[in-house]
Amino acid sequence: MGLFNIFDIAGSAMSAQSVRLNTTASNLANANTIAGSAEAAYRSRQPVFQTVMENSGGAGAATDPASAGVRVAGIVETSAPPLKIHDPGNPLADADGYVYQSNVNPVDELVNMISASRSYQNSVEVLSTSKELLLRTLSLGQ
C-alpha cells in the first residue's frame, strides 16, 4: 500500500461519517413527528458501512491494493414499532383515536452524533499528520 493511499482511506472514512451525521440529523429532526397510521410513522434510519479492498490485479496485488477504505452500503430503517399514543382530538388520529409517533430515541441519536463527529475528527487528524510527515520527508532532501 502506497503512502498516498492514506489520503484515500481517511477521505472515504470522512465521507462515510458525513453520511452518518446527516442520517442522525434527519432522525433528530423527525423525533417528534406523528402520523395517522403505524405504516406512515417515521422510523429511525442508520447507515450500513462496508469495507472496501480492491486489488490492482498486478503482481503483489494481495499486498498492494489499488484502493481501500469504507463506503456506505445503504441506509436501513429500524424494525422497532412506532409509539402508539391515544389522542382522539388530533386531526391525524385513526378511527380508534390513536396517533403514531416516530421510534427515534433522541438520547441514542445524540450519542451517535457525538461518536460520528469524533470519528470524523480522527480522520481529519490522520490526514493532517500524514501531510505533515510527507512535508517533513520532502524537506529532508533540501
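Among the residues in region 73-95, are any within 19 Å of the chain's Cα centre (by Cα) and hydroxyl-bearing (Ser, Thr, Tyr)?
Step one: of region 73-95, the residues within 19 Å of the chain's Cα centre (by Cα) are 73-79.
Pick out the ones that are also hydroxyl-bearing (Ser, Thr, Tyr) and you get 78-79.
For region 73-95, residues within 19 Å of the chain's Cα centre (by Cα) and hydroxyl-bearing (Ser, Thr, Tyr): present.
For region 47-66, how many residues are part of a strand (DSSP E or B) and at pLDDT below 90?
Quick first cut of region 47-66, residues part of a strand (DSSP E or B) only: 47-55, 65-66.
Still in the list and also at pLDDT below 90: 52-55, 65-66.
Qualifying residue count for the region: 6.
Looking only at residues in region 129-138 that are hydroxyl-bearing (Ser, Thr, Tyr) and open to solvent by 40 Å² or more (accessible area, probe 1.4 Å), which one is modelled with the highest pLDDT?
Step one: filter region 129-138 for residues hydroxyl-bearing (Ser, Thr, Tyr), giving 129-130, 137.
Cutting the leftovers down to open to solvent by 40 Å² or more (accessible area, probe 1.4 Å) gives us 129, 137.
Details: THR129: 93, THR137: 87.
The residue in question is THR129.
When you look at VAL126, is it open to solvent by less than 60 Å² (accessible area, probe 1.4 Å) and over 18 Å from the mean Cα position of the chain (by Cα), yes or no? Walk me through how you get there before you give the answer.
Details: open to solvent by less than 60 Å² (accessible area, probe 1.4 Å): no; over 18 Å from the mean Cα position of the chain (by Cα): yes.
Answer is no for this residue.
Give all pairs with beta carbons closer than 6 Å in which a residue from region 107-131 that is over 10 Å from MET14 (Cβ atoms) meets a residue that is open to solvent by 40 Å² or more (accessible area, probe 1.4 Å) and β-branched (Val, Ile, Thr); count only pairs at least 6 apart in sequence or on separate chains.
SER130/ILE6
State yes or no: is ALA95 in contact with a Leu (Cβ under 6 Å, 6 or more places away or on another chain) and hydrophobic (A, V, I, L, M, F, W, C)? First the steps, then the outcome.
On the way: in contact with a Leu (Cβ under 6 Å, 6 or more places away or on another chain): no; hydrophobic (A, V, I, L, M, F, W, C): yes.
When the stated conditions are applied, ALA95 does not pass them.
Hey, can you tell me all the residues within region 67-107 that are open to solvent by 70 Å² or more (accessible area, probe 1.4 Å), under 13 Å from ARG20 (Cβ atoms) and modelled with pLDDT of 95 or more?
ILE75, VAL76
Of all residues in region 29-53, which are hydrophobic (A, V, I, L, M, F, W, C) and open to solvent by 50 Å² or more (accessible area, probe 1.4 Å)? Talk me through it step by step, then tell me what you get.
Here is the first cut: in region 29-53, the residues hydrophobic (A, V, I, L, M, F, W, C) are 29, 31, 34-35, 38, 40-41, 48-49, 52-53.
Correct list: ALA29, ILE34, ALA40, VAL48, PHE49, MET53.
The values are calculated or read from the model by the stated rules, or taken from the named source; none is laboratory data. Being a predicted model, the structure only gives us computed values, none of them experimental. Counting neighbours? That spans all protein chains shown, and the Cβs are built from the backbone with ideal geometry, glycine included. Accessible surface is based on the protein model in full, side chains and every heavy atom, while ligands, DNA and RNA are left aside. Shrake-Rupley method; radii C 1.70, N 1.55, O 1.52, S 1.80 Å.
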